[in-house]
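*Asks:* Before I ask anything, here is the structure I am working with.
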Amino acid sequence: MAKQGLIPFFIPHIGCPQQCVFCNQHRIASGQVQATAEDVARTIEACTEGGRRHTQSFWEVAFYGGSFTALPAESQERLLTPAWQALQRGAIQAIRCSTRPDAIDKTVIARLCRFGVTTVELGVQTMNQAMLDASKRGHTTDDVIRAVALLKEDGFTVGIQLLPGLPGESWHTLVATAVAVVALAPDFIRIYPVVVVEDTELADMMRRGEYTPLTTEEAVAYSAFLHSYMKSKGIPTIRIGLQATEDFDKGIGLVGGPYEPAMGEMVVNYEYLMRMKAVLQSHQVQWGQPNTVVVVYPRAFTSKVRGLHNSNREQMESLYDTVRWSWCEWGSRSWQRLIPIYRRWGTAEATAVQMYIDGMAYVV
């Protein structure tokens, strides 16, 4: 597979017809300035020439941070031209942009096609109209359905960005949004649990007690549901959680909400925790309280299974505190000591995460 490199350009808040209650792109972009055509040309040249050319074999230019197709047509073409020229001479291999669902029509699509754009990400946020209205998004769920259909009709790769935790969110609205998004059959999604940023209406709402942000635990649970459900429908999630910024890491400009640089890892940890709990619960229903549990996993899955700072291990051992537990990687010394037991229990699959409960083998 070709090694891929991304050349991102941020268009913070330019083109948006109004201010969403949660949005402060200048903070989220962490000081990124408005890209110019000269910036695009110069950065592409710097990334694709010299020594770096040999470390990547697939370069993609990405226009992020605002509503690209809501820019004036001349501005779009000015930014796209150097990327298109690089695409034509083979310096890059793809161009993508992110935009609003109500900033897509046949004229816009024709322009994107003309300049070689092949992937479009839509800031959908939720498929609940009341929540869109409360968040002052300025577009409708019908706009989303129409935009996805138009883009797919012309062969674009379509991504959808979701923001669990907007005002009015609940498990009911989240599940309904997930079902509605699957019906659109996007090629991928991104999940960004809502964080409360300074100088936004949402920050004012929070201070007045009119909005309560998600806790980290709620954000992880919501994101894990979306991630697992989409995966079950064949839709990959390419990112969970905001990109870390130096300011947010220091708490600058962050009022509240689940900002976690390791959100994606926390979600995967949580998913494995839920799977292990489900296996134990299933065993209890069938056979009663277990006496011994052995959890075996490939080395690459160690942090996923045991959890961040061993949180999953500690929680499982606390929940089943009368059980004798063993946790080990395939091929480790602990595993070597257990080989005679596994031979008695049956053949084990070293590429899978498994739990052996009182001699019964389960794939997690």
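*Asks:* Kindly provide the set of residues from the stretch 130-153 that are touching a residue at least 40 places away in the same chain (Cβ under 8 Å) and open to solvent by 80 Å² or more (accessible area, probe 1.4 Å), ordered by number.
*Replies:* Hits for the stretch 130-153 are 136, 146.
*Asks:* Could you grab the pairs with beta carbons closer than 6 Å, sequence gap of 6+ or different chains, first residue in the stretch 159-173 and closer than 16 Å to residue 99 by Cβ, second one open to solvent by 20 Å² or more (accessible area, probe 1.4 Å)?
*Replies:* From residues that are closer than 16 Å to residue 99 by Cβ, the pairs are 161/190; 163/192.
*Asks:* Then there's this: Find the residue count for the stretch 61-88, including only residues that are open to solvent by 10 Å² or more (accessible area, probe 1.4 Å) and among the aromatic types (Phe, Trp, Tyr).
*Replies:* Summing the residues that are open to solvent by 10 Å² or more (accessible area, probe 1.4 Å) and among the aromatic types (Phe, Trp, Tyr) in the stretch 61-88 gives 2.
*Asks:* Here's another thing I want to ask about it. Is there a residue in the stretch 117-126 that is touching a residue at least 24 places away in the same chain (Cβ under 8 Å) and part of a helix (DSSP H, G or I)?
*Replies:* no
*Asks:* Turning to a different aspect of this structure: Identify, by number, the condition in (1) of a type in the set (S, T, N, Q); (2) assigned to a helix (DSSP H, G or I); (3) within 24 Å of the chain's Cα centre (by Cα) that residue 81 doesn't meet.
*Replies:* (3)
*Asks:* Residues 166, 122: which one is open to solvent by less than 20 Å² (accessible area, probe 1.4 Å) and out of contact with any strand residue (DSSP E or B) (no Cβ under 6 Å at 6 or more places or on another chain)?
*Replies:* One residue alone meets the criteria, 166.
*Asks:* Restrict the check to the stretch 34-51 and report whether at least one residue is modelled with pLDDT of 90 or more and within 22 Å of residue 143 (Cα to Cα).
*Replies:* Among the residues of the stretch 34-51, not one is modelled with pLDDT of 90 or more and within 22 Å of residue 143 (Cα to Cα), which makes the answer no.
*Asks:* Could you check, for the stretch 89-110, whether at least one of its residues is open to solvent by 10 Å² or more (accessible area, probe 1.4 Å), free of Cβ contacts under 8 Å to residues at least 60 places away in the same chain, touching a strand residue (DSSP E or B) at 6+ places or on another chain (Cβ under 6 Å) and among the hydroxyl-bearing types (Ser, Thr, Tyr)?
*Replies:* Within the stretch 89-110, none of the residues are open to solvent by 10 Å² or more (accessible area, probe 1.4 Å), free of Cβ contacts under 8 Å to residues at least 60 places away in the same chain, touching a strand residue (DSSP E or B) at 6+ places or on another chain (Cβ under 6 Å) and among the hydroxyl-bearing types (Ser, Thr, Tyr).
The values are calculated or read from the model by the stated rules, or taken from the named source; none is laboratory data. Small disclaimer: the values here were computed from a predicted structure and weren't measured. Please note: Cβ atoms are built from the backbone with ideal geometry, for glycine as well, and neighbour counts cover all protein chains shown. Just the protein is used for accessible areas: all its heavy atoms, side chains included, with ligands, DNA and RNA removed. Shrake-Rupley method; radii C 1.70, N 1.55, O 1.52, S 1.80 Å.
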